[in-house]
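*Asks:* Dropping a structure here in structure tokens format, bear with me for questions.
The values are calculated or read from the model by the stated rules, or taken from the named source; none is laboratory data. From a predicted model like this one, the values you see are computed outputs, not experimental measurements. Ideal geometry is used to build each Cβ from the backbone, glycine not excepted, and the neighbour counts take in all protein chains shown. When the accessible area is computed, the model is the full protein with side chains, heavy atoms only, and any ligands, DNA or RNA have been set aside. Shrake-Rupley method; radii C 1.70, N 1.55, O 1.52, S 1.80 Å.
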Amino acid sequence: MMRWVMLRVAVAICSLLTAPAMAEPTLLAAASTSGAVDAAISQSGIAAVTSYGASGGLARQIEQGAPADLFISANPKWMAYLTDAGLVQEDAVLELMSNALVLIGPKGAAPIAPAELPAALGGENFVMADPESAPVGAYGRASLQALGVWEGIQDGFVPVRNTLATLTAVSTEEAAYGLVYSSDTALDDGVTIVARLPKDSHPPIRYLIAPVAQGEDAVGAKTLTAYLMSPEGQDVLADYGFVTGPEGM
């Protein structure tokens, strides 16, 4: 009897040692979502691997075969890019949340009107994520053009990789002003919102989420998506300044 018990224990241990490790979904997401998504994942208890960056850059990485189970884009353009490439199914794309645009200055900076931005720069730098690759930059350029100030800031405009780089440049006073999403300001207490840009000055800001066809953990991607879309997940995203629910869609 003892030998039989010992054999069963040995078989059980062997099974544990040889069993494949639990997969963790890999999420590639817009840099502007990092704080909120990290918090939501932490609260959900779901183990996941995350990588953040400009939506355009991430979409191209996915196209080139980068490991990804789930993608969050800050611009429908880049989700459509992957849909056209056959890497995302159109009917699997969901609207996760929305956002707003703000101008920021270093901590304690005085409020300005958006029209005053060229004069307020006074020859100093203005930073924003590159409009050619980052959705916040594309939205920002559209807004500043609509407000009639885009041409007036060109001499001082320095495109950067993403909103995180914008926050750093402004908080360290390497730039006088910058443009980011409203939710980004929660990531750096060294910046101050100096102006909010009108919602009708730019296309609607829509964050889309979808599983990636080449992913290896479809179940994990589905589970994480379900949590982020749930009332609990949406509450966490809203706590970080995103617009969720009917108002955000």
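*Asks:* So, L103, is that one touching a residue at least 12 places away in the same chain (Cβ under 8 Å), assigned to a strand (DSSP E or B) and touching a Pro at 6+ places or on another chain (Cβ under 7 Å) or not?
*Replies:* Yes.
*Asks:* Go over the candidates S133, S143, S73 one by one and state the one that is among the hydroxyl-bearing types (S, T, Y) and at pLDDT below 95.
*Replies:* S133
*Asks:* From V9, V5, grab the single residue that is of a type in the set (A, V, I, L, M, F, W, C), modelled with pLDDT under 90 and either within 11 Å of the chain's Cα centre (by Cα) or open to solvent by less than 70 Å² (accessible area, probe 1.4 Å) (or both).
*Replies:* V5
*Asks:* For G241, are the conditions met, namely being touching a Phe, Trp or Tyr at 6+ places or on another chain (Cβ under 9 Å), assigned to a loop (DSSP other than H, G, I, E, B), touching a residue at least 60 places away in the same chain (Cβ under 8 Å) and not hydroxyl-bearing (S, T, Y)?
*Replies:* Yes; evaluated as a whole, the condition is true for this residue.
*Asks:* Now a separate question. Quick one: in the range 172-216, which of the residues that are among the hydroxyl-bearing types (S, T, Y) and within 20 Å of the chain's Cα centre (by Cα) is farthest from N75 (Cα to Cα)?
*Replies:* T185
*Asks:* Checking V37 against (1) open to solvent by less than 50 Å² (accessible area, probe 1.4 Å); (2) at pLDDT 95 or above; (3) over 11 Å from the mean Cα position of the chain (by Cα), only one condition comes out false. Which one?
*Replies:* (3)
*Asks:* Which residues, taken from the range 179-191, are out of contact with any Phe, Trp or Tyr (no Cβ under 7 Å at 6 or more places or on another chain) and either small (G, A, S) or within 15 Å of G108 (Cα to Cα) (or both)?
*Replies:* S182, T185, D188, D189, G190, V191
*Asks:* Moving to a separate point now. What's the number of the only condition in (1) in contact (Cβ under 8 Å) with a residue 60 or more places away in the chain; (2) buried (at least 17 other Cβ atoms within 10 Å of the Cβ) that G108 fails to meet?
*Replies:* That leaves (2) as the condition not met.
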